[in-house]
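Just so you know, all these numbers are worked out from the coordinates, no wet-lab data involved. On a predicted model such as this, the values are computed, not experimentally measured, just so you know.
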Amino acid sequence: MSHDDAPAYAPPVRRDGSGRDRSGRDGSVRDGSERDPHARLAPAVATVLGLLLAPPALFFWGLSDMATDSCGPDDCSPELMSALDVVDGALLLGGPLGAAACVAAWLLPRTRRWAVPRLWLAGLSLLPWPVVIALVADLPQG
């Protein structure tokens, strides 16, 4: 078989029979640029869990101000007031950051190279909601 009989789609073969190109690579794609068939899984799970966790977190955040009803906002313990400040910060700062992380997880390229950052962003997008629920569930006495 001569080189003229080789199919047009076959990679060029060197005369030494190694099958490698001049850069030393064997012609296969291994740099992470191939499509990831599971690229939409982590953002989809994060979106569904976020939609399930955000309403209870917002509900408990709304109820958390009632923790100061018995003592009034001026006479409550500093522990309670600082815990309520942390809850407010976790929701008012973490909520938009979590939503941005979820959007970024959806917008990353769907290649294997971006699989780990996509997974991290999807996981971090869920963080504010259980933090708010846990902090409100464990508020100190007023």
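The table below lists the values:
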| item | result |
| --- | --- |
| Whole-Hz couplings from phi, Karplus 6.51/-1.76/1.60, listed for the range 41-52; x for Gly and Pro | 5, 5, x, 5, 5, 5, 5, 5, 5, x, 5, 7 |
| Amide proton proximity set for residue 111, modelled H, under 5 Å, gap of 5+ | 36 |
